[in-house]
1. Among all the aspartates and glutamates, which ones have a C-alpha under 20 Å from LYS54's C-alpha, if same-chain residues fewer than 8 places away are not counted?
2. Can you give the extra length, in nm with one decimal, that the chain gains between ALA114 and GLU93 once fully stretched, where that is 0.36 nm per residue apart less the Cα-Cα distance?
3. Could you put VAL62, VAL80, VAL73 in order, starting from the residue whose Cβ has the fewest other Cβ atoms within 10 Å?
4. Is segment 46-158 rounded, prolate or oblate when judged by the Cα gyration tensor, a ≥ b ≥ c being the square roots of its eigenvalues, rounded requiring a/c under 1.5 and prolate requiring a/b larger than b/c?
5. Determine the equivalent ellipsoid of segment 81-125 by diagonalising the alpha-carbon gyration tensor, then write out the semi-axes as square roots of 5 times the eigenvalues, largest first, rounded to whole Å.
6. Per residue of segment 112-119, what does 6.51 cos²θ - 1.76 cosθ + 1.60 with θ = phi - 60° give for ³J(HN,Hα)? Whole Hz please, x for Gly and Pro, Karplus curve as stated.
7. Sort ILE50, ILE143 by Cβ crowding within 10 Å, fewest neighbours at the top.
8. In nm, to one decimal, how far is the GLU107 label point from the ASP148 one, both placed 7 Å along Cα→Cβ?
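No lab work stands behind these numbers, since they all come straight from the coordinates. On a predicted model such as this, the values are computed, not experimentally measured, just so you know. Please note: Cβ atoms are built from the backbone with ideal geometry, for glycine as well, and neighbour counts cover all protein chains shown.
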Amino acid sequence: MEYEYNRAKRNFQQNARFIVNQLTMNKEKIRKTQPMTKGQMEAEISNALIAFEKEHMGRGPVDVRTYIIQDLVLIRLKGVLTPAEHHLAKDNEGIHLIKQIRAKLLENSSKMLADVIFAITGCQPISFHTDISTKTGERFIIITLSEDLKQKLIYRNR
């Protein structure tokens, strides 16, 4: 398990800069033409999280929805459990291990994710929170931002 974790971490770190650069370039192209709408920004964040999950876990979620709510970004990922995690989730020890590994991966990648979120939103992330349901295969990531992004979008797009 530790070998797989270290391998995933190495692969992710190698590709993290590429993802950040791609998202930054896409953001700059969009901003040159017009400001992003709330829906466009939510879609960009969803796409970034799909790439993040693919790099970290070797596969992406079945569905991702992002919601901007004032100074929060709420991300709901469906179908994130790998086949190995489904087997681990059969007892309490396995459930705890899945939650622990997923939380640690997010913690170790928080700097890269903060850069991606900042590149998309223009707001600095303050904190990341996550939980995963081993029953439904859903994962939630909540990001607290330095300012009210929803209000900022309203004024910017007027």
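1. By straight Cα distance, LYS54 reaches GLU2, GLU4, GLU42, GLU44, ASP63, GLU85, GLU107, ASP115, ASP131, GLU138.
2. Details: separation 21, 0.36 × 21 = 7.56 nm, distance 3.07 nm.
Here the answer is 4.5 nm.
3. On the way: VAL62 11, VAL80 21, VAL73 25.
Ascending Cβ contact count within 10 Å gives the list VAL62, VAL80, VAL73.
4. Working: a/c = 2.31, a/b = 2.20, b/c = 1.05.
Note, shape of segment 46-158 comes out prolate.
5. Numbers: eigenvalues 183, 19, 9 Å².
One finds semi-axes of 30, 10, 7 Å for segment 81-125.
6. The phi angles translate into 5, 5, 4, 5, 5, 5, 5, 4 Hz.
7. Exposure proxy ranking, most exposed first: ILE50, ILE143.
8. Calculated label separation equals 3.3 nm.
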